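Here's the structure, in structure tokens; my notes come after.
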Amino acid sequence: MLLRFVYTCGLIKVSWDGSFGAQPNYRTELVIDHDGGDCGEDPRDVSFDVGPMKRSFRAEHPWPIPLGLRIAPYEEEQGAICLPNLFQEGPYRGRRCK
């Protein structure tokens, strides 16, 4: 998965805690950590391998149960970004979570 960041300085660390939440809407969460400061808008792309997450989930939960993804906001008022299913066909298009 390719994540695009703007207004983000220095080192960017993307992590996952290994949990999947509870039924009926299984969801995992990525945490973003970066160096603070006053940053320019310059967009930066950071890749994150979701393969291990998907394999771990399928080992515990058979098809066709979907796995959603939530990316927490840096500032609460920005809102999180969600993907409804990491196993979906076609391009991943994140949107603001409800």
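Conditions tested, residue by residue: (1) closer than 19 Å to Cys97 by Cα; (2) modelled with pLDDT of 90 or more.
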| residue | (1), (2) |
| --- | --- |
| Tyr7 | no, no |
| Lys13 | no, yes |
| Asn25 | yes, no |
| Gly36 | no, no |
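Which members of the stretch 20-74 meet the condition of being among the aliphatic types (A, V, I, L, M), farther than 14 Å from Tyr7 by Cα, assigned to a strand (DSSP E or B) and touching a Ser or Thr at 6+ places or on another chain (Cβ under 9 Å)? Talk me through it step by step, then tell me what you get.
To start, the set of residues in the stretch 20-74 that are among the aliphatic types (A, V, I, L, M) comprises 22, 30-32, 46, 50, 53, 59, 65, 67, 69, 71-72.
Retained after the next criterion (residues that are farther than 14 Å from Tyr7 by Cα): 22, 30-31, 50, 53, 59, 65, 67, 69, 71-72.
Narrowing further to those that are assigned to a strand (DSSP E or B): 30-31, 69, 71.
Listed by number, the residues that qualify are Leu30, Val31, Leu69.
If the requirement is being out of contact with any helix residue (DSSP H, G or I) (no Cβ under 7 Å at 6 or more places or on another chain), aliphatic (A, V, I, L, M) and free of Cβ contacts under 8 Å to residues at least 24 places away in the same chain, which of these qualifies: Ile81, Ile32, Ile65? If you could, list the steps in order and put the result at the bottom.
Details: Ile32 fails: free of Cβ contacts under 8 Å to residues at least 24 places away in the same chain; Ile65 fails: free of Cβ contacts under 8 Å to residues at least 24 places away in the same chain.
Unique residue meeting the criteria: Ile81.
Each row is one residue, and each column tells you yes or no for (1) in contact (Cβ under 8 Å) with a residue 40 or more places away in the chain; (2) of a type in the set (D, E, K, R); (3) in contact with a Lys or Arg (Cβ under 7 Å, 6 or more places away or on another chain); (4) farther than 16 Å from Gly94 by Cα.
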site: Phe5; (1), (2), (3), (4): yes, no, yes, no
site: Tyr26; (1), (2), (3), (4): yes, no, no, yes
site: Asp42; (1), (2), (3), (4): no, yes, no, yes
site: Phe48; (1), (2), (3), (4): yes, no, no, no
site: Met53; (1), (2), (3), (4): no, no, no, yes
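Within the stretch 75-95, can you find the residues that are surrounded by 15 or more Cβ atoms within 10 Å (Cβ to Cβ) and either among the basic types (Lys, Arg) or not in a loop (DSSP other than H, G, I, E, B) (or both)?
Ile81, Cys82, Leu83, listed by residue number.
The values are calculated or read from the model by the stated rules, or taken from the named source; none is laboratory data. Please read all numbers here as calculations on a predicted model, not as lab measurements. Virtual Cβ from ideal backbone geometry, glycine too; neighbours counted across all protein chains shown.
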